[in-house]
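First comes the structure, then the notes that go with it.
The values are calculated or read from the model by the stated rules, or taken from the named source; none is laboratory data. On a predicted model such as this, the values are computed, not experimentally measured, just so you know. Because the Cβ atoms are built from the backbone with ideal geometry, glycine has one as well, and the counts that use them run over all protein chains shown.
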Amino acid sequence: MSTVPPTPNVIRLPTPAPPPVVRTPASYEEHRGKGTPLVIDNGATTLRWGWATAGEPFTGPNVIAKYKERKHNKPVLLFGEGVDCESGARAQARTPWEGDVLLNFDALEHALDYAFVQLGIDTPAVEHPVLMTERLSSPLHSRALTSELMFELYSVPSLAYCVDSVMSFYHNNLPPPERQYTADGLVISFNTASTSVVPVLGGQSIMSHAQRIPWGASQASEYLLKLIQLKYPAFPTRVTTVQSSWMLQNLCEFATDYPALLRKLKDPLELRASERIVQFPFTVPVVEEKTEEELARIAEKRKEQGKKLQEMAARNRLERLAQKEVDLQALLNLKERRDKENKKEWMALLQEEGLENEAALDATIKKLDAELKKAKKKEAEDDESIAEDEPSFPLVDVPDADLDEEGLKEKKKQRLMKAGFEARARARREKEREREEREAEERMEDEERERDLTAWANKLRKEHEALINKMKGRARKKIELSDRKSAAAQARMKSIANLAADDRVPKKRRKAGGEDMFGADDADWAIYRQINTAAADSDEEDDLNQLHAIEQKLLAHDPNFTTEHTHASILSQRSALLSAFKPLYEEGDLEGRSRVHLNVERWRVPETWFSPSMAGVDSAGLGEVLQNVMARFSDGEKGKMVQNVFLAGSPSRLPGLQPRIHCTLRPILPPEMPLQVKPASDRSLDAWRGMADFAKTAELSKVSVTRGEYEEWGGERIKRWWGGNWNLATPI
Amino acid sequence: MPPKGSGKRKLGSTDGSATPQGPTLAEQYSYLHAPRPFKNPNYSKNVNRRARVLKNVLTQERERERLERDRRRQEKEEAMEVDEEAKDGVVEDDMPFYTSIEAPPSVLPQKRYCDITGLEAPYTEPATGLRYHDKSVYELIKGLSVSAAKDYLAARGVNPIVK
């Protein structure tokens, strides 16, 4: 593994569990022919099943995957943890439950198949009475199909349904043997996709007064996932629901007093103290560290290449020069031959060279000559800058009358050249003057600074502030202008309207025959800068440059002015709160960037149980539901129930739930009523245990629906008893 | 060990003609070929029955609930007619159905929480509707893109309709 993380509360995500042991089915001998009741807790997350006489159930996540394995191209049917072993299987995973409703009977059939195979059943029918769970007031469709499966496919002799939370309550309040079950209490059941409250009086669970909130552990972990994705939009790896439910189960807790907690967490230090950091796996990019010698070698190579290129260029130039010389020589020869040969032949020769007449020949010769001379000069004085010596313009002074046409042209040319030369000289002198001025200024400033550091620093700082304020004001103005109703925007519209108005000229001037004198005064044009909202950039650039210059000076000389005071850092400053909420890491710190900091979310997510509207679910929270449920009972009954408030279900394992429920219930009850909140001893397995306890009694046969009754009534009708649903239940 | 009458109860479907790698993990877990004698071969799942969609199931529940309630009301009326005096005492509760059990919407006043940090949020940003905790969070919100702002709102359940 890797090194110890520097911060104390960094938690690594759990490594994927080792592949589960392949289960071999149990022996059936023990139960063959004995009719031991089968107890199946059909949960939305886990399936628990077993013989009623066994102490522990078999458990497995309630998922099925049926897919074709790629290696041997064989179809494969997997259940539970086996689905995790193959990623292809995970993609094909199906669960019988869709949220809170049993819908996928294919999957249920396969899950039950697995359960029975594991139990070792080999008879042509499942010859055991079955006790199964269903949801609180389960939809009749689900119940009908489950009954159909059990009776027709598996041929069970009898089937009974119960509600898991009530059985968990039963297990924790077992009556002494041979006594009636008459416990009272308020059962709060935390399930995967719902949370329900069931009142129990005298052993009877009052299903008609029960209520269900459509918010459970799966929705909470989805909410946590959404929050993490919002907080870390550019997170390097994908966060999955499995990981977020792990985080929910291990890092989140209920706050006893949520508003007080939020007020405490306002302080960034508290925020930091309460955070948990989850480190996600990351890959360190392989950086090939080139050693010193390698670097040197590469530099050498590059230099050599550069030199080679230079040499090649020089060679090319020489070649071209040589070529030009040859050409020049040829042309000169040609010119000499003119004297020797007669005109016609000479013209023919000229045409061969591509020249029209003698003048062209002369011009070409002159051009080549000039190029050659320039090139030679360049080579001779390669690195020196050519000092511009004073060229002479002799013809400028000669009056026009004395010159002929060509002379005039020459004169014009020379005049232009002279003007250019003089302008350049002037510019050079001005530049020098400016440089001297600037140097003088800087010298003065340095003297001032050396004389009195603080005063100089203060002066500069004031300028700095003024500039920053100006920029802020401009930014504010920009925002204001974008808002249609602001005063600035309306003023702008007024000026536009004014400019475009026909009767722009004031009356007095018109009488005196005046026209619109806009523009005579240069300041008038400034109004266009005001109107044009997009053109502020040049101003900003100037300001920024000025600001930068001042900052440089201050940074260099003023000990109190640090990089923190510069404009850039002020802009990018995040408040302490935000940095505590979501600390930023450097660009290259991949380990840091793969971390998720959970601070407020640790309490925010469980708070949704008490206020689902935080997450967009329009439903009453747990506190309100408790109030509603209890409002329908008399005070005496209330008193009996609240002495035994029972928390059932795996999600109730989140810490802090018990005190929270206590605090929620205490204010709505009369102060003298004793209130006690108890969790189940084993939140996940107690429901199954309660069912097993019940199945061992003789009562099971009384409340089950037998095969014959099923065939008569259909799958939806059940018998009404203290642990089962009431919808479509006939009293025994 | 295996009881009589049972075939090989191995969980895996190991290839008889052994491929050199042996059965993969998935095959070891697979119980596709495990004998399942307890299943009734005569039962043919109603092939025409399509897996019902959740929405339809819930609608059907609501229908049943309504029917049941009407029926009960009728019964009560008839019973009232028979005995002229009102029945005293036993008022049978309404039968609970899956949809009737659901908790009603909340009537308590909702606390406002910051969409970004989760702390208390006394302020709302007018342009996007996001709630925020203080100035610094406001600066952050101003810098959010439109889609990011919509995502935050969606987490709260507010889905602004885009025209």
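If the condition is being within 7 Å of chain B (Cβ to nearest Cβ), touching a Ser or Thr at 6+ places or on another chain (Cβ under 7 Å) and either over 20 Å from residue A:168 (Cβ atoms) or without any contact (Cβ under 8 Å) to a residue 40 or more places away in the chain (or both), then region A:204-224 contributes only A:214. Pairs are defined by a Cβ separation below 7 Å, a sequence spacing of at least 6 or placement on different chains, a first member in region A:135-151 that is on the phi > 0 side of the Ramachandran plot, and a second member that is among the aliphatic types (A, V, I, L, M); the pairs so defined are A:137/A:207; A:137/B:101. For region A:24-66, the candidate set comprises residues that are among the polar types (S, T, N, Q) and more than 13 Å from chain B (Cβ to nearest Cβ); within that set, the residue that is farthest from the chain's Cα centre (by Cα) is A:36. Listed by position, the strands (runs of 3 or more DSSP E) contained in region A:88-206 that have at least 1 residues being more than 20 Å from residue A:641 (Cα to Cα) are A:130-134, A:158-163. Would you check which residues across region A:601-614 are hydrophobic (A, V, I, L, M, F, W, C) and in contact with an Asp or Glu (Cβ under 9 Å, 6 or more places away or on another chain) and list them? A:603, A:610, A:614, listed by residue number. So is residue A:239 closer than 18 Å to residue A:581 by Cα, touching a residue at least 12 places away in the same chain (Cβ under 8 Å), away from chain B (no Cβ under 14 Å) and not in a helix (DSSP H, G or I) or not? Considered against the rule, which asks whether it is closer than 18 Å to residue A:581 by Cα, touching a residue at least 12 places away in the same chain (Cβ under 8 Å), away from chain B (no Cβ under 14 Å) and not in a helix (DSSP H, G or I), residue A:239 comes out as no.
Yes or no, residue by residue, for (1) among the basic types (Lys, Arg); (2) in contact with a Ser or Thr (Cβ under 8 Å, 6 or more places away or on another chain):
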| site | (1), (2) |
| --- | --- |
| A:71 | yes, yes |
| A:79 | no, no |
| A:129 | no, yes |
| A:146 | no, no |
| A:149 | no, no |
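Filter region A:263-317 for residues that are in a helix (DSSP H, G or I) and in contact (Cβ under 8 Å) with a residue 12 or more places away in the chain and give the result. The answer is A:265, A:268, A:269, A:271, A:272, A:317. Any residue at all in region A:278-288 that's among the polar types (S, T, N, Q), surrounded by 11 or more Cβ atoms within 10 Å (Cβ to Cβ) and within 14 Å of another protein chain (Cβ to nearest Cβ)? Among the residues of region A:278-288, not one is among the polar types (S, T, N, Q), surrounded by 11 or more Cβ atoms within 10 Å (Cβ to Cβ) and within 14 Å of another protein chain (Cβ to nearest Cβ), which makes the answer no. Among the residues here, residue A:192 does not qualify as of a type in the set (Ser, Thr, Tyr) and modelled with pLDDT under 90. Just so you know, in region A:717-732 the residues that are β-branched (Val, Ile, Thr) and either outside the structural domain of residue A:703 (by TED's automatic domain parsing) or over 19 Å from residue A:691 (Cα atoms) (or both) include one that is surrounded by the most Cβ atoms within 10 Å (Cβ to Cβ), and it is A:730. Quick one: which helices (runs of 4 or more DSSP H) sit completely within region A:581-632 and have at least 1 residues that are facing chain B (nearest Cβ under 10 Å) and more than 27 Å from residue B:136 (Cβ to Cβ)? Correct list: A:622-631.
Matching residues to (1) within 14 Å of chain B (Cβ to nearest Cβ); (2) at pLDDT 90 or above:
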| residue | (1), (2) |
| --- | --- |
| A:674 | no, yes |
| A:685 | no, yes |
| A:690 | no, yes |
| A:694 | no, yes |
| A:699 | no, no |
| A:707 | yes, yes |
| A:713 | no, no |
| A:723 | no, no |
| A:730 | yes, no |
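Kindly indicate whether residue A:116 is among the aromatic types (Phe, Trp, Tyr), under 16 Å from residue B:40 (Cα atoms) and touching a helix residue (DSSP H, G or I) at 6+ places or on another chain (Cβ under 6 Å). No. In this entry, residue B:42 passes the filter for residues that are modelled with pLDDT of 70 or more, loosely packed, with under 12 Cβ neighbours inside 10 Å and part of a loop (DSSP other than H, G, I, E, B).
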